[in-house]
1. Please arrange Met303, Met263 by counting, for each residue, the other beta carbons lying within 10 Å of its beta carbon, fewest first.
2. Which lysines does Lys6 reach when only Cα atoms under 21 Å apart count, and residues fewer than 8 places away in its own chain are ignored?
3. Express in nm, to one decimal, how much length is gained between Asp126 and Asn213 on full extension, taking 0.36 nm for each residue of separation and deducting their alpha carbon distance.
4. What are the trypsin sites (Lys or Arg not before Pro) within the range 205-310 that DSSP puts in a loop, where the Cβ has at most 10 other Cβ atoms within 10 Å?
5. Could you work out the relative contact order of the chain? I mean the mean sequence separation of Cα pairs under 8 Å and 6+ apart, divided by the number of residues, in percent.
6. Convert 25 °C to kelvin, take the viscosity as 0.890 mPa s, use the Kirkwood radius over C-alpha pairs of the range 209-331 as Rh, and evaluate the Stokes-Einstein diffusion coefficient in µm²/s, rounded to a whole number.
7. Between the range 198-272 and the range 79-132, what is the separation of their alpha carbon centroids in Å?
8. Taking Lys82 as the anchor, which aspartates and glutamates have their alpha carbon closer than 13 Å to its alpha carbon, excluding any fewer than eight residues away along the same chain?
Amino acid sequence: MTNQYKTLGEFIIEHQDSFKYSSGELSRLLNGIRLAAKVVNHEVNKAGLVDIIGEAGDTNIQGENQQKLDVLANEKFIQTLKKREIVCGIASEEEDDFISINSFDNNHQNKYVVLIDPLDGSSNIDVNVSVGTIFSIYRRVTPVGTPVQLEDFLQPGINQIAAGYIVYGTSTMLVYTTGDGVNGFTLNPALGTFYLSHPNMSFPETGKIYSVNEGNYVHFPQGVKNYIKYCQQEEGDRPYTSRYIGSLVSDFHRNMIKGGIYMYPKSSVASEGKLRLLYECNPMAFIAEQANGLASDGKKRIMEIEPTELHQRVPFFCGSRKMVEKAEEFMK
Ligand code: P6P
């Protein structure tokens with residue numbers, strides 16, 4: 001019976017005071033994300049039934065074919081966030097440039113910017129594999145009352161005030177942090193309500209799962225190859241199990257519950273890896289660290305990287321603390 005669990009709405013209100021910027025603005029923003037998540041979930045779950053599968057016939061700045069659901073998810077999150085008078089700007093994987101929002105002409109009084117990957121793992125949509133949404137929230141750094149600037153988005157991950165993801169999987173979950181731990185909420189689709197099903201989520205300090213696209217093995221730096229061979233070696237608690245869904249949110253979520261490491265290294269074909277710093281790596285790094293895990297680019301803490309471009313990519317190693325530390329040892 002789900003009614004024994006606290007709802008996401010109740011949880012947000014209860015924890016509003018613990019949030020130093022409270023005054024309800026972040027609550028309204030999180031409620032906006034909650035609503036958009038339900039709308040996108042509805043579309044994702046019926047993708048097989050209506051003509052919404054397949055390419056939108058356009059490509060995004062990444063040069064990737066935009067799937068129709070990518071476009072729809074992007075539009076839903078942007079529309080929903082625009083309606084709440086607390087967001088002054090949005091950056092999205094699906095938008096070449098950031099969007100300045102002066103909702104209802106309130107003279108740019110809004111304080112927060114949101115960076116979002118509206119539908120991560122979208123290449124999995126047509127084959128009915130889990131996909132996800134990733135979001136990252138900052139306070140603007142330029143003066144309130146002026147149009148938002150690029151520097152409001154190019155902030156290091158340590159400045160995030162909230163981050164989270166929605167995983168549209170066998171069940172739909174919303175997992176987020178405001179810097180006070182990580183909590184997971186499961187959607188009861190019959191009621192359209194998220195319930196607190198996974199309080200205080202935490203990475204086991206080590207694990208037996210490594211997630212990497214081994215198809216790129218020959219292109220990896222030698223240190224990464226050596227770590228993968230270490231994972232496969234018969235010794236102690238190894239060999240580990242290889243699990244790679246091709247959907248960051250799903251691999252991350254499974255590893256956080258079971259213990260594991262997710263890797264998207266740089267390679268001779270992708271000099272900075274594939275994942276984007278601002279709306280994939282930083283939010284997942286914030287969640288990882290709040291769940292006693294680690295997130296690095298192989299050398300340094302993801303959240304201390306000073307961004308230089310909206311869509312910049314970084315190598316990404318994230319998960320159980322001891323596994324990330326071991327991988328970093330191999331890459332020294
Ligand atoms: P590859 C999806 O496009 C994504 O950004 C992550 O969700 C996923 O882990 C990765 O890329 C998959 O990339 O190159 O292994 O197919």
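Readers should treat all values here as calculations from the given coordinates under stated rules, not as data from a laboratory. From a predicted model like this one, the values you see are computed outputs, not experimental measurements. With ideal geometry, Cβ positions are generated from the backbone for all residues, glycine too; neighbour counts draw on all protein chains shown.
1. Met303, Met263
2. Lys38
3. On the way: separation 87, 0.36 × 87 = 31.32 nm, distance 1.96 nm.
That works out to 29.4 nm of additional length.
4. The qualifying sites are Lys299.
5. Values: 733 pairs, mean separation 51.1, N = 332.
15 percent.
6. Using the Kirkwood radius from Cα pairs, D works out to 172 µm²/s.
7. For the range 198-272 versus the range 79-132, the Cα centre distance is 29 Å.
8. Straight-distance partners of Lys82: Asp105.
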